[in-house]
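Structure, as structure tokens:
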Amino acid sequence: MPSIETTDLTKRFGDTVAVETLNLTVDTGTVFGFLGPNGAGKTTTMRMLTGLTRPTRGRGTVGGADVTDRDALRPHIGYLPEEPPLYDHATAYEQLEYAAGLRDLDPTVAKERVDSLLDRLDLPPEDASTRISDYSKGMRQKVAFVQAVLHDPSVVFLDEPTSGLDPRAARTLRSLVAELADDGTTVFLSTHILPVVEEVADTVGILYDGELVAEGTPGELEQRAETGETRSLEDAFLELTTDEERVDVDADGRAVATEQRDG
Amino acid sequence: MAEAGWLGHALRMGWFDFRRSARAMREDTGRLVLLAGGVLFPTLLLAGLAVLFVPELRGSDVDFALGRSARGSFALFWLFGTFMLAQRTTAAHREPVADAFVLTTVSPRTAVVGGVLAESLRALTYALPVGLLVAVATAYAFSAPVSLFVVPLVGGLFVASAVTAGRVLGYTAAWLVATVPWVARHKTALGIGVVVAFFGGYTLLQVPQLPVSVSPALLGVLPVGWLVDLVAVGTPVGWSPGHAVGGVATATTVLLGGGWLAERIATSLWFGEPVDVTDTDDGPPTRPATDRRALERAVGPLGVPVVSGPTRAVTEWTLLRARREPQRLNFLMIPVFGGGSALGNLLLQGSVSLAVLGPVTAVLAAWAVGAAFGLNPFGDEGAVLPSTLTAVSGRAFVRGLVAPSLLFLPVVAVLTLVAAVGGGHGPPVALALTLVACFLTVVGAALAPLVGMWFPRFSAIRIGNSDGVRPPRLLAGALHVALVWVPGAALVGLVVAPELVRLVLSGVGYVPALLLSLVARGGEVAALAATLTGVGETILGLPLPAFRVGVGALLVLGGLLVARAALGRAVRRFDRYEVH
Ligand SMILES: Nc1ncnc2c1ncn2[C@@H]1O[C@H](COP(=O)(O)OP(=O)(O)O)[C@@H](O)[C@H]1O
Ligand SMILES: [Mg+2]
């Protein structure tokens, strides 16, 4: 059963098309890697799927709830935005308690979950009870991640979750993502860091200029790269997201651009 | 050490910063309107006076010489400006704008001088219309063209020296907070102490009606005040060259010496390691064994009774924000101090009796408590907003914003009761005023979220400073003031002086009738004017007890309905709010 489904999901900002007729299906308990260069429309897509922005056109459902119905959507989702949603003058404990309170979680259960997650991510209690203003980017990212998964949502949206993390924390995060999926959580993960996706994603979608230019398992995408011996996801990514590479040959044998792009 | 060509860099930095703030100002309509009013009003007032008196003065004999009291008043004005500028320094200009870039690119001297320059340009922009008027009027009145030169000179010296002195004091205060743990821990109390002491002293010097007042002539010994002698150069007003030279020398000394000092203090402030006091006011940095929750501990000793669930989380979070960043609440000072000081003046002049204390406290305290927490809900959430929107319902969120104000209801009640009894009202009136104050608090708290959602402020007041505070938009504040003060004044009026309310209300008929009758030439307009006069007469003829009860009930009912509608709309606005 799909957890996330979109039909012709589109978002325009004035004349800018941020996301164009996106058709996606993500199955329950899988990790979907959403790849794309900066400005491709990943964040906009996530905001539509979390109910934070209304689609200009098209439909989307997450956990069976329509993305325009925030009340119905709320219990199913957890969201880690690009900018960690934290208040600088609070401590991590206070911040996470606020998040748990908003979700009306049982305080004892929430506390246990916070402690175990922070422990997994190597954020000791001494740090968790100091103000977030003193945190490094990586520490913030950890707290924000815990905040997103605290209530054990059925679908988690992670926007560039590994940015600012050191290699060890990034690896821990990857294994946490895999664990979430094993427990039946659907993970929608956007990134432009390919190894993250290679390791944890069951399926990958590549977004370029608002359009989904490829979709498949990491293995399938590697097969599609035609740049010589080394076939990697990186090759596929670069090939699919460069204007020069996106050429077709028309009937007369001349190379033409696949599509006209304005601006 | 400053880099080569630092003065040029500082000039460019100052000009750039000035243009940046001018642009920010232009984009904030509410501030711009207020500012324009603040500049235009004194200019027009002064222009009116000039039109009246300057032709009289022209050519007449002036038998007046500048003395200690003129110099003292001028010095007092300088001290006042310096204090305000020092406050601005600690509040908003502790570091240069975009400090990470500036401090790695130019020397502290350049940054300090650039900041002084930008601030002076801002101050001079406000002072320009008045300054120009004074220069022209003086030159014309005394046929003294030299005034066209000396007035701007004195204005420039005055502003630049006050800005520099303000920076020295402001940096010093910030440095003390950054390096002395005791100061850091008690900075809010100390700050209030300094403000109260300064304004106390200022009042002693300014209000001769006080039993212990001090004449400003006392300050005539301060040589900054002697600058005023320079203004009189070329006019028949008696001035002393010694004082004029002394004034210029002092201003120059303040400028150069202050600049030197400011550079040193600022360097230590910007590059020094600040003391860490977060642990001491948070308890030990490990999880205490008690099962009190972290948020609960953070807002203690205040407790949040009754509410639970998500609403409680929002309530505690709102209180935590107010406690951790009390600067958020500074905006409350403007109307409260404005209203309070106007009242103080009236009391001192004896134009009103102490009896107004109760009604005024009822409205001011109720407004302040109602406006304190909910006037910028989206902006206050800041980066947390996407999380909040995806985690909580609009209903719980809005209720959580209103609850903190209700928590302070007892404070409003006690203040009003004490003020009313202190002002000489009997228990029934005092009790009625207290009830009105509580009612106004509830209505004000219910209106705040919607008003704040209409006019949110997302960017910090200081561009380029990530942890600057985001007070409510001026427009939001002004609208909320109007929505609470006008019906509030009517309600307290009904309690203490219903006949006055009846008179004011009858103006609904009389005033348009009067205006119409001015333009009317018989016919329908005159008939309408007569009808409106009739309306005014009818209102004025209403029996007082009936008027009191009727209008009172109408206001209370209306207030409750509006409050309910506002809450509902705020909930819907939250539920439909989109993040871009
Ligand atoms: N609020 C907005 N107003 C106008 N344009 C926007 C807005 N948000 C995003 N965009 C545009 O939409 C496109 C996609 O942006 P985004 O979703 O942030 O990309 P990504 O997350 O993949 O880097 C970009 O061209 C961006 O400029
Ligand atoms: Mg993005």
For residues in the range A:57-83 being more than 7 Å from chain B (Cβ to nearest Cβ) and part of a loop (DSSP other than H, G, I, E, B), which is farthest from A:GLU239 (Cα to Cα)? A:ASP69
Look at the range B:505-530 and say how many of its residues are surrounded by 13 or more Cβ atoms within 10 Å (Cβ to Cβ) and free of Cβ contacts under 8 Å to residues at least 24 places away in the same chain. 11
Over the range B:306-321, the set of residues modelled with pLDDT under 90 and either out of contact with any helix residue (DSSP H, G or I) (no Cβ under 8 Å at 6 or more places or on another chain) or within 7 Å of chain A (Cβ to nearest Cβ) (or both) is B:VAL306, B:SER308, B:GLY309
Can you find even one residue in the range A:14-28 that is within 16 Å of ligand 2 (Cβ to nearest atom), touching a residue at least 40 places away in the same chain (Cβ under 8 Å), among the aliphatic types (A, V, I, L, M) and surrounded by 24 or more Cβ atoms within 10 Å (Cβ to Cβ)? yes
Hey, among the residues in the range A:143-169 that are within 23 Å of A:GLY101 (Cβ to Cβ) and over 16 Å from the mean Cα position of the chain (by Cα), which one's nearest to ligand 2 (Cβ to nearest atom)? A:VAL143
Name the single residue, out of those in the range A:162-194 being within 16 Å of ligand 1 (Cβ to nearest atom) and modelled with pLDDT of 90 or more, that is farthest from A:ALA40 (Cα to Cα). A:PHE188
Those residues of the range A:29-49 which are within 11 Å of ligand 1 (Cβ to nearest atom), among the hydrophobic types (A, V, I, L, M, F, W, C), assigned to a helix (DSSP H, G or I) and in contact (Cβ under 8 Å) with a residue 60 or more places away in the chain, in sequence order: A:MET46
Qualifying positions in the range B:292-305 - within 9 Å of chain A (Cβ to nearest Cβ) and in a helix (DSSP H, G or I): B:ALA294, B:LEU295, B:GLU296, B:ARG297, B:ALA298
Please tell me if A:THR6 is under 16 Å from the mean Cα position of the chain (by Cα), within 14 Å of ligand 2 (Cβ to nearest atom), outside any loop (DSSP other than H, G, I, E, B) and touching a residue at least 12 places away in the same chain (Cβ under 8 Å). no
If B:ARG569 satisfies all but one of (1) within 16 Å of ligand 1 (Cβ to nearest atom); (2) modelled with pLDDT of 95 or more, what's the number of the condition it fails? (1)
How many residues does the range A:50-104 contain that are small (Gly, Ala, Ser), in contact (Cβ under 8 Å) with a residue 40 or more places away in the chain and either within 16 Å of ligand 2 (Cβ to nearest atom) or on the phi > 0 side of the Ramachandran plot (or both)? 2
It is to be established whether one or more residues within the range B:432-449 are in a loop (DSSP other than H, G, I, E, B) and within 26 Å of B:PRO305 (Cα to Cα). no
Find the residue count for the range A:182-216, including only residues that are among the polar types (S, T, N, Q), surrounded by fewer than 22 Cβ atoms within 10 Å (Cβ to Cβ) and away from ligand 2 (no atom under 16 Å from the Cβ). 2
Can you pull out the helices (runs of 4 or more DSSP H) entirely within the range B:151-261 that have at least 3 residues that are farther than 30 Å from B:LEU347 by Cβ? B:181-185, B:227-231
Residue under evaluation A:VAL114, criteria (1) surrounded by fewer than 21 Cβ atoms within 10 Å (Cβ to Cβ); (2) closer than 25 Å to B:PRO310 by Cβ; (3) away from ligand 2 (no atom under 14 Å from the Cβ), criterion not met: (1)
Quick one: A:ARG54 ticks every box in (1) under 11 Å from the mean Cα position of the chain (by Cα); (2) within 14 Å of chain B (Cβ to nearest Cβ) bar one, so which box is it? (1)
Yes/no for B:VAL535 being loosely packed, with under 14 Cβ neighbours inside 10 Å, away from ligand 1 (no atom under 16 Å from the Cβ) and either in a helix (DSSP H, G or I) or of a type outside the set (Asp, Glu) (or both): no
Hey, could you check the range A:29-49 for residues that are more than 14 Å from chain B (Cβ to nearest Cβ) and among the polar types (S, T, N, Q) and say which is nearest to ligand 2 (Cβ to nearest atom)? A:ASN38
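Can you spot a residue in the range A:56-69 that is within 13 Å of ligand 1 (Cβ to nearest atom), closer than 27 Å to B:ALA383 by Cβ, surrounded by 23 or more Cβ atoms within 10 Å (Cβ to Cβ) and aliphatic (A, V, I, L, M)?
no
The values are calculated or read from the model by the stated rules, or taken from the named source; none is laboratory data. Not measured: the values here are computed from a predicted model. For neighbour counting, all protein chains shown are included, and Cβ atoms are generated from backbone atoms with ideal geometry for every residue, glycine included.
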